[in-house]
Amino acid sequence: MSPTFRTLIVLLALVLSFTLVYSVSFALDCAGDSTCVSIQQDIDKLAEDLRLSVNATTPLEKQVAGLTSRINAAQAEINKAKKQADTLARGIQDREQSLAEQYAIFKQRVRDRYKREKTFSPLTLLFSSSTATEFTRQIGYWETLERRDQSIIQSVGEEILQLETDKKTLEVKQGQLAELQKNLDKQAAFFKGEISKAKAYQAELSGKIAVLSARQQEILSEKTGTFQTTVGDVPLADDFNASPAYNPGFSPAFAAFSFGAPHFKGMSQYGAYGRAKSGQNEEDILKAYYGNVRIETVDTGGNINTSSGSMNIEDRYLMGIAEMPSSWDANNLAALKAQAIAARSYGLAYVGWRMGSRSVKSSICTSENCQVWSSSKASSAPDNWKRAVQETRGKIVVSNASGEIVNTWYASTSGGYQESYSSLGHSTPGFWDTKNGRSGWTSDAYEKIGGSPWFYKAWYKSRSGDACGRSHPWLTQEEMADVLNAWVVLQAGSDDRVSPLGGCWGGSPYSIDELRNKANEKGGAFTSVSNVSIEYSEGGYTANVRFSTNKGDVSISGAEFKKAFNLRAPGRISLKSGLFSIEKR
């Protein structure tokens, strides 16, 4: 067997052996997983299937990467062998043609020899030779002819035998090459197909996991409360059970308190009220929240297009804005005036009104997604609100930096720190909304002066009032450790079964024991929490949360803790702000 064929057979054996291993592995993986076609809805099963599939495919891909070079080498050897076979075939063809010519000579030589042997007689040669010398020369000549003929006959005979041998070798080689090529093509197609199926399977699982993980985003969205709500005309009552003074009846007890809700940008409505109580006028208030701005009076006598129809801006639309309690007393009318100017500016900016093109170009909705508008309030505006609108008629907020109308965002309660935002070429400041800056938080926060019930609150109900069977937001030591275990598991990667216990979110959340076991697999579970401390950032957010646990002190960034808490805290318990604290009783 030639070295080329030995190499090919070794390579083919490697390919075949790897194929057998892979085919069994992949078949077992699929055979043991009934979700290959119809995947189960349980995210843990999906994630496990995906993990198993990736684990099975990853080494395969690595092996195939090396195998590809071996397959290429095998293909090169086959191609080389094919070329050699082609060369041999052409050589055989040429030799056959040459042999045909030699064979004709060979036959003539055979006939001549036969004749010589029949007619040759030493006595005749002796008597025909005139001298002994001539006789000797004649004898030598006949011997030379005999040797030449024998040589030609032997050579042609050997060539015929070798030609037949080479033709048989060529036939065998061509058959082997064809079989090798067939097997190589088969194996290459197999790998391509199986890896493709594995990738398609993983893509299917990833897609299903992504769909199911969207539920986590819904949980985060609802628990974080990034809705565009404001104080409105419905009086807000504080919930004693959500205050630090509440005694849940067990110890240690932990509760997460948010400073403010929901979006913390622009004007704080309760902060505006606190500023009005502290003697600031509407212009002071607006400049405090929107920064480098001025108040201008423009012609706003036309109509504005809304989802409730087209209406006069001043006499109908602004009269129906229901974003701030009209009951706030007349002695502090500056807060209502600041709200009227902000609502007018926001509405005009929203519909495309600009300083250089003072016309309405689009429409604004009348829900909290834009600005809340009430038909009944518009028809019978309370006296204080009517005064605020009428006494600020045509007044808008204009940026000194851009010369353009300001897109004046606002919300109920920021928790004492206003976040910066940029819109229409203007940027608002980020600052501590207190009488004394950072040092005044939280004792001198304007929202606290304004009496906001959302300034510092532990949230455990949905906006509709559903508490998911809980009467307070306080967690036991085991429940707080469970939140920390959720953080451990989430640090290792997404897991959709990290979701709230309590039944109000559906799905298949881990039990406390299951999550503890899961955390143990990821480096160690928390079983007890004895203390907690908070570190705040000058930028107005919780920087770190430090817990004393059975594993010693552990520090978690505020953002990571908020995510883990909102994904795992039972029921509707949640953090609404990135600025928060953890109370322990």
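Does K377 meet the test of being in a loop (DSSP other than H, G, I, E, B), in contact with a Gly (Cβ under 6 Å, 6 or more places away or on another chain) and either within 15 Å of M324 (Cα to Cα) or charged (D, E, K, R) (or both)? Here the answer is no, as K377 does not meet what is asked.
The single condition from (1) touching a helix residue (DSSP H, G or I) at 6+ places or on another chain (Cβ under 8 Å); (2) crowded, with 20+ Cβ neighbours inside 10 Å; (3) within 30 Å of G271 (Cβ to Cβ) that G451 fails is (2).
Conditions tested, residue by residue: (1) closer than 20 Å to V498 by Cα; (2) surrounded by 15 or more Cβ atoms within 10 Å (Cβ to Cβ); (3) in contact with a strand residue (DSSP E or B) (Cβ under 7 Å, 6 or more places away or on another chain); (4) not basic (K, R).
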{"position": "V532", "(1), (2), (3), (4)": "no, yes, yes, yes"}
{"position": "E535", "(1), (2), (3), (4)": "no, no, yes, yes"}
{"position": "S548", "(1), (2), (3), (4)": "no, no, yes, yes"}
{"position": "G552", "(1), (2), (3), (4)": "no, no, no, yes"}
{"position": "P570", "(1), (2), (3), (4)": "yes, yes, no, yes"}
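Listed by first and then second residue, the pairs with beta-carbon distance under 6 Å, at least 6 apart or on different chains, first residue in the stretch 374-389 and under 14 Å from A343 (Cβ atoms) and polar (S, T, N, Q), second buried (at least 18 other Cβ atoms within 10 Å of the Cβ) and at pLDDT 95 or above, are S374/G320.
Comparison of N550, N531, N520 shows that the only residue that is under 26 Å from the mean Cα position of the chain (by Cα) and over 30 Å from Q418 (Cβ atoms) is N520. Here's a check for you: in the stretch 327-355, which residue that is more than 21 Å from N312 (Cα to Cα) and in contact (Cβ under 8 Å) with a residue 24 or more places away in the chain is surrounded by the most Cβ atoms within 10 Å (Cβ to Cβ)? Within the stretch 327-355, the match that is surrounded by the most Cβ atoms within 10 Å (Cβ to Cβ) is A335. Meeting the requirement of 3 or more residues that are crowded, with 19+ Cβ neighbours inside 10 Å, the strands (runs of 3 or more DSSP E) wholly within the stretch 252-322 are 253-258. Listed here are the strands (runs of 3 or more DSSP E) enclosed by the stretch 481-585 that have at least 1 residues being at pLDDT 90 or above, touching a Ser or Thr at 6+ places or on another chain (Cβ under 8 Å) and more than 19 Å from A214 (Cα to Cα): 529-536, 542-549, 580-584. Out of curiosity, is P453 part of a loop (DSSP other than H, G, I, E, B) and within 20 Å of S537 (Cβ to Cβ)? So P453 does not fit the description; no.
Okay, residues lined up against (1) more than 30 Å from S206 (Cα to Cα); (2) surrounded by 18 or more Cβ atoms within 10 Å (Cβ to Cβ):
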position	(1), (2)
E479	yes, yes
R497	no, yes
P509	no, yes
N520	no, no
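Taking each residue of the stretch 430-452 that is under 16 Å from A411 (Cβ atoms) and looking for partners that are crowded, with 16+ Cβ neighbours inside 10 Å and basic (K, R) with beta-carbon atoms closer than 6 Å, six or more apart or interchain, yields Y446/R275. Within the stretch 403-444, being aromatic (F, W, Y) and buried (at least 23 other Cβ atoms within 10 Å of the Cβ) holds for Y410, Y417.
The values are calculated or read from the model by the stated rules, or taken from the named source; none is laboratory data. Everything quoted here is computed from the prediction, not taken from an experiment. Please note: Cβ atoms are built from the backbone with ideal geometry, for glycine as well, and neighbour counts cover all protein chains shown.
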